[in-house]
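The values are calculated or read from the model by the stated rules, or taken from the named source; none is laboratory data. Treat the numbers as computed from the prediction; the structure is a model and nothing was measured. For neighbour counting, all protein chains shown are included, and Cβ atoms are generated from backbone atoms with ideal geometry for every residue, glycine included.
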Amino acid sequence: MPLVNPIPTKSLEGKSLIIRVFIEQFYENLEEATIGRWLKAEGDRVGDQEPLVEIITDKITFELPAPGSGVVRSIISREKSVVPVGCVIGLLGEPDDPLPDVSAENRATLERRQREVESQALIPSPETVAPEASVSERVRDRGKVRATPAARRVARENGMDLAEVAASIGGGLIQEEDVQRWIERRGSST
């Protein structure tokens, strides 16, 4: 079931609610997901549990059902966006319901996730990594390489080490385009 946090925008007597659509932690190691395609556009009416958006993770692709019924009021995360677990990706409600500003909520979620990642990161001491270690070795030593599911798929299909791609772009989240550029550069240098 999707994580739902309906927050009243009017009095409860008016029964007017804006429903936030979240990326939920569908399995233990899920940190982020990619928005595939929206099956409903802004302004479309959607029924409770009706397919709303395609979600792509490193393990599965599935259609996320609407966590309630109403009108798609706002699509916050566009197609091909990589979204951390817990972020609001869309809002459902009625046409006259005022929309909350969820950008502060999403920023807080991103900051909290970043702090969690930093606290769990294995940062090698200067004694464990020689100064002459390559960037890809340092990226590998720090732990998990961050990449979109599409980037992981392309790297896997081409037998590539994502740590090398991360080193070539200076770290950060690896996109599918980064992997494609790395493949082209590697092909032209051989």
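Table: residues versus (1) touching a residue at least 40 places away in the same chain (Cβ under 8 Å); (2) of a type in the set (K, R); (3) outside any loop (DSSP other than H, G, I, E, B); (4) within 30 Å of A147 (Cβ to Cβ).
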position: A33; (1), (2), (3), (4): yes, no, yes, yes
position: G36; (1), (2), (3), (4): yes, no, yes, yes
position: L64; (1), (2), (3), (4): yes, no, yes, yes
position: R78; (1), (2), (3), (4): yes, yes, no, yes
position: D101; (1), (2), (3), (4): no, no, no, no
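Evaluated against (1) modelled with pLDDT of 75 or more; (2) among the aliphatic types (A, V, I, L, M); (3) surrounded by fewer than 15 Cβ atoms within 10 Å (Cβ to Cβ); (4) assigned to a helix (DSSP H, G or I), V179 falls short on exactly one condition, (3). Kindly establish whether R73 is assigned to a loop (DSSP other than H, G, I, E, B) and charged (D, E, K, R). No, not satisfied.
Counting just the residues of the range 64-76 that are under 15 Å from P100 (Cα atoms) and within 17 Å of the chain's Cα centre (by Cα), which one comes out surrounded by the most Cβ atoms within 10 Å (Cβ to Cβ)? Ranking the candidates gives I75 first. Taking the listed residues L173, L92, L110, the one that is at pLDDT 85 or above and hydrophobic (A, V, I, L, M, F, W, C) is L92, with no other qualifying. Of everything listed in (1) touching a Ser or Thr at 6+ places or on another chain (Cβ under 7 Å); (2) within 24 Å of A108 (Cα to Cα), the single unmet condition for I19 is (1). Taking the range 155-175 as the range and being hydrophobic (A, V, I, L, M, F, W, C) and over 25 Å from L110 (Cβ atoms) as the test, only M160 passes.
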